[in-house]
């Protein structure tokens, strides 16, 4: 992988901060950070840019059963098993067993050698060449939405390869939770809006990505709709924020 690509480095740093970079890819990125100061600088940029999201998260105190389970696992790891004392007679019996096993293994080796010699006498088989085709997965899309004059912010991550849509929210947008919902839309290249789901009322949400072809230059928007979403399939209330959906 070409880690010197500016677009790829931005995508990896943003995903690392968002927490969507996982498994071997995350560990590989952490190893790169140790020897690439420019990549560390890119990571710090995304940490500052996404820092407002962290202020909305509230610490959660683990339940007592969680602490009890952790302590139980720590104590189990400290237990050291001591070898069981054996008698001399038992050791002699074990020695005879290993001698018998050694003889059996020698006979098996001779039989295996003979079978291999017979195999070599046969005509060689033709093995067909198998080609492995690597499928390149499309990169995720990221957008930041900030309504004007309102202490609210949303980050939207769209991953077409996983058919997933993740929304992270910081702050709250003033609307009536009993009668109104915030709905997310994507505008195609012709400017036609398509519904993508309801915005979370909490800090974050994972939504299924609707079956649709991503536009060449997608733009997302958030509108205020009746409770449960637009009844017409198009925005009916005011659009509170728009932003380009950039592929990293």
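Every number here is computed from the coordinates shown, using simple stated rules; none is lab data. Predicted model only: the values in this text are computed from it and were never measured. Here Cβ is always computed from backbone atoms with ideal geometry, including for glycine, and neighbour counts include all displayed protein chains.
When 164, 181, 223 are arranged by Cβ crowding within 10 Å, least crowded first, meaning fewest neighbours, the order is 164, 181, 223.
For a paramagnetic label modelled on residue 239 (point 7 Å from Cα along Cα→Cβ), amide N atoms under 11 Å away belong, within the stretch 165-188, to 185-188. Potential lengthening of the chain between residue 247 and residue 64 amounts to 61.6 nm, from the contour at 0.36 nm per residue minus the alpha-carbon distance. Taking each residue as 0.36 nm, the span from residue 8 to residue 163 lengthens on full extension beyond its C-alpha to C-alpha distance by 53.8 nm.
When a/c reaches 1.5 or more, the comparison of a/b and b/c decides; with that in mind, is the stretch 6-54 rounded, prolate or oblate per its Cα gyration tensor?
Working: a/c = 1.80, a/b = 1.23, b/c = 1.46.
Oblate.
Computed over the stretch 164-246, the alpha-carbon pair-distance distribution with 10 angstrom bins reads 17, 54, 27, 2, each value a whole percent. Once both labels are positioned 7 Å from their Cα atoms along Cα-to-Cβ, the gap between residue 192 and residue 40 label points is 5.1 nm.
Panel order for 178, 188, by other beta carbons found within 10 Å of each beta carbon, from fewest to most: 178, 188.
Gain in length, residue 73 to residue 26, computed as 0.36 nm per residue apart minus the alpha-carbon separation, to one decimal in nm? Intermediate results must be reported in sequence, preceding the final value.
Values: separation 47, 0.36 × 47 = 16.92 nm, distance 2.63 nm.
Length gained, residue 73 through residue 26: 14.3 nm.
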